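Below is one structure. I have some questions about it.
The values are calculated or read from the model by the stated rules, or taken from the named source; none is laboratory data. The structure presented is a predicted model; accordingly, all values stated were derived computationally and were not measured. Quick reminder, even Gly has a Cβ in these numbers, built from the backbone with ideal geometry, and neighbours come from all protein chains shown.
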Number of protein chains: 2
Amino acid sequence: MSGHLTIVGLGPGPAEWVTPAANAAIAAADVLLGYAPYLARLSPRAGQVFEASDNREELVRATRALELAGEGKRIVMVSGGDPGVFAMAAAVFEAVEKSPALANGFDIRVEPGVTAMLAAAARIGAPLGHDFCAISLSDNLKPWQVIEKRLRLAAEADFVIALYNPASKARPKQIQEAFRVLSAVRKPETTVVFARAVGRGDESIEVTTLRDAPNALCDMRTLVIIGSDATRRLQGGKGRTWVYTPRSVRDE
Amino acid sequence: MSGHLTIVGLGPGPAEWVTPAANAAIAAADVLLGYAPYLARLSPRAGQVFEASDNREELVRATRALELAGEGKRIVMVSGGDPGVFAMAAAVFEAVEKSPALANGFDIRVEPGVTAMLAAAARIGAPLGHDFCAISLSDNLKPWQVIEKRLRLAAEADFVIALYNPASKARPKQIQEAFRVLSAVRKPETTVVFARAVGRGDESIEVTTLRDAPNALCDMRTLVIIGSDATRRLQGGKGRTWVYTPRSVRDE
């Protein structure tokens, strides 16, 4: 029997955002590997093995998945959101590049999913309706000066900016530094959205401005969206606040 | 009875990439509106009305959807990909802003979906594994100098760049202009992926370099991904070519 490895994304949380393709891969797997909280969203069927691991062990987990697939097993690597966005798919290909022999004789497949910024955007309207970028604020894997340069150029390009991993217990202050960099280019009244735990029971969405953004609650479960100059805030029916970025940019 | 309007994304094509949440909204709708080729992917159930419209009529379609929801009907607006990315959700909020009274008394909801760049990335590996941006090359709705400036700054920021709407019959040459702008900043050997009709029967993926990109087939069904300096190409098992962007950036 020939094994295979499928890297799937579970979306931001609820089962209603998991694609049928991801569910089919999960149902067919002999072994599922992943960060423990992601595996905890699934229920093993008879004969299935779940191998949970810790957050910072991506490369070890990826190598293990390749080894198991090489033994002829059907392997699923689970990721939150989309597996290709700041997640496990890149880690698997890093492991393949490091040890090419590990990836011989079986198929690797990536199944796309709903990444956090799309779910966060949907909750508040359509802030990503025009050109945008996604930046991870975590400097575990890159120097802060790279992040700072990207923030500055993204602000100059007037992209809508989605910030992944904006803060954690080990990095509580970098988001403040990011707001300082952005504020040097963007207007203080630029719309900022803090979307926390989107799709979970304790979901909360806060809409504020770049001026007031430093006061907002921001942790590792938060996704931050900074609007472009064109991003608009409006009151819809039933007292809702919506944030959206129009499809067109006016000639200046 | 109180109506509502849900804007859903059907993903890039196949049913296996449509979320259960989108399917539930579609099943519950009285009237579905959308660009004809998107509606053609669905089968109306008894009592359901499909209102198909043309590509460039987004604002008319959005206004009509708001009117119908205001009459107490359950409305679904369908979009390809994710409705919040260069798609119908922004058009609906533009219509709300233009005529706020239209949006009174019913709920609006956006259901996220798998946007084209995530599906394209999954097919070829994990090119969006690190900081990236998404730019629409269509200048129907924005001046070309804005596009050019964003391309240049995105190249300087060393983002992976996903280009939506890279070419059409009316705009066959802009993608070549885009490659010229990017080539002034990025190395000629930068990896470029042309992902055409992802998820459809005639899907094709071409991996090339910025130097050779002008020779690739590129049309309105193509999504183009330009790698960062860190993006890597590797040979996996079974003769596959993979493209991925590592999670880390080295200190320079």
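Quick check, is A:Ser183 closer than 20 Å to A:Ile135 by Cα and under 21 Å from the mean Cα position of the chain (by Cα)? Talk me through it step by step, then tell me what you get.
Details: closer than 20 Å to A:Ile135 by Cα: yes; under 21 Å from the mean Cα position of the chain (by Cα): no.
No, not satisfied.
Keeping to the stretch A:186-215, report how many residues are of a type in the set (Gly, Ala, Ser) and either assigned by TED's automatic domain parsing to the domain that holds A:Gly81 or over 20 Å from the mean Cα position of the chain (by Cα) (or both). Let's see the steps before the verdict.
Step one: of the stretch A:186-215, the residues of a type in the set (Gly, Ala, Ser) are A:195, A:197, A:199, A:201, A:204, A:213.
Right, trim to either assigned by TED's automatic domain parsing to the domain that holds A:Gly81 or over 20 Å from the mean Cα position of the chain (by Cα) (or both) and you get A:213.
Residues that pass the stated criteria total 1.
If you go through the stretch B:141-180, how many residues are more than 8 Å from chain A (Cβ to nearest Cβ) and more than 22 Å from B:Ala121 (Cβ to Cβ)?
The number of residues fulfilling the criteria is 14.
Whether any residue in the stretch A:55-68 is outside the structural domain of A:Arg240 (by TED's automatic domain parsing), closer than 27 Å to B:Ala21 by Cα and part of a loop (DSSP other than H, G, I, E, B) is what I want to check.
For the stretch A:55-68, residues outside the structural domain of A:Arg240 (by TED's automatic domain parsing), closer than 27 Å to B:Ala21 by Cα and part of a loop (DSSP other than H, G, I, E, B): absent.
Turning to a different aspect of this structure: For A:Glu94, which of the numbered conditions (1) farther than 14 Å from A:Arg61 by Cα; (2) modelled with pLDDT of 95 or more; (3) surrounded by fewer than 24 Cβ atoms within 10 Å (Cβ to Cβ); (4) facing another protein chain (nearest Cβ under 7 Å) fails to hold?
The failed condition is (1).
Follow-up. Test B:Met77 against the stated conditions and say whether it is within 17 Å of A:Ala122 (Cβ to Cβ), crowded, with 24+ Cβ neighbours inside 10 Å, aliphatic (A, V, I, L, M) and over 12 Å from the mean Cα position of the chain (by Cα).
yes
Being over 24 Å from B:Thr190 (Cβ atoms), outside any loop (DSSP other than H, G, I, E, B) and either touching a Leu at 6+ places or on another chain (Cβ under 9 Å) or more than 8 Å from chain A (Cβ to nearest Cβ) (or both) is the requirement here; does B:Ala119 meet it?
no
Listed here are the residues, each with its yes/no results for (1) within 17 Å of the chain's Cα centre (by Cα); (2) modelled with pLDDT of 95 or more; (3) facing chain B (nearest Cβ under 10 Å).
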| residue | (1), (2), (3) |
| --- | --- |
| A:Ala29 | no, yes, no |
| A:Ser53 | no, no, no |
| A:Leu66 | no, yes, yes |
| A:Gly70 | no, yes, yes |
| A:Asp82 | yes, yes, yes |
| A:Leu102 | no, no, yes |
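Output the number of residues of the stretch B:200-220 satisfying the condition of being buried (at least 19 other Cβ atoms within 10 Å of the Cβ) and under 15 Å from B:Ser136 (Cβ atoms).
Counting residues in the stretch B:200-220 that are buried (at least 19 other Cβ atoms within 10 Å of the Cβ) and under 15 Å from B:Ser136 (Cβ atoms) gives 1.
Taking the stretch B:69-91 only, how many residues are over 17 Å from B:Ala22 (Cα atoms) and touching a residue at least 40 places away in the same chain (Cβ under 8 Å)?
Selection size over the stretch B:69-91: 6.
Which pairs do you get when a residue that is over 12 Å from A:Arg186 (Cβ atoms), found in the stretch A:153-166, comes within reach of a residue that is assigned to a loop (DSSP other than H, G, I, E, B) and of a type outside the set (S, T, N, Q), reach meaning Cβ atoms under 6 angstrom, with the pair 6+ apart or on two chains?
That search, which allows pairs on different chains as well, returns A:Leu153/B:Ala157; A:Leu163/A:Leu137; A:Tyr164/A:Phe86; A:Asn165/A:Leu137; A:Pro166/A:Leu137; A:Pro166/A:Cys218.
Let me ask you something else. So A:Asp107 ticks every box in (1) at pLDDT 95 or above; (2) at the interface with chain B (Cβ under 8 Å from one of its Cβ atoms) but one. Which box is left unticked?
Against the list (1) at pLDDT 95 or above; (2) at the interface with chain B (Cβ under 8 Å from one of its Cβ atoms), A:Asp107 comes up short only on (1).
Here's a follow-up. Could you list, ordered by first residue, the pairs with Cβ atoms under 6 Å in which the first is in the stretch B:227-239 and more than 10 Å from chain A (Cβ to nearest Cβ) and aliphatic (A, V, I, L, M) and the second is assigned to a loop (DSSP other than H, G, I, E, B) and surrounded by 19 or more Cβ atoms within 10 Å (Cβ to Cβ), at least 6 apart or interchain?
none
Taking the residues in the stretch B:217-241 that are in a strand (DSSP E or B) and within 22 Å of the chain's Cα centre (by Cα) as candidates, determine which candidate is farthest from B:Ala116 (Cα to Cα).
Within the stretch B:217-241, the subset in a strand (DSSP E or B) is B:222-226, B:232-235, B:241.
Narrowing further to those that are within 22 Å of the chain's Cα centre (by Cα): B:222-226.
Working: B:Thr222: 9, B:Leu223: 7, B:Val224: 10, B:Ile225: 11, B:Ile226: 15 Å.
Across the stretch B:217-241, the extreme among qualifying residues is B:Ile226.
Give the number of residues within the stretch B:1-12 that are modelled with pLDDT under 95 and farther than 20 Å from A:Gly125 by Cα. Show your work before the answer.
Going through the stretch B:1-12, the residues modelled with pLDDT under 95 turn out to be B:1-3.
Keeping just the survivors that are farther than 20 Å from A:Gly125 by Cα gives B:1-2.
Looking only at that region, the number is 2.
Considering only residues that are at the interface with another protein chain (Cβ under 9 Å from one of its Cβ atoms) and among the hydrophobic types (A, V, I, L, M, F, W, C), look in the stretch B:122-140 and name the one that is surrounded by the fewest Cβ atoms within 10 Å (Cβ to Cβ).
Ranking the candidates gives B:Ile124 first.
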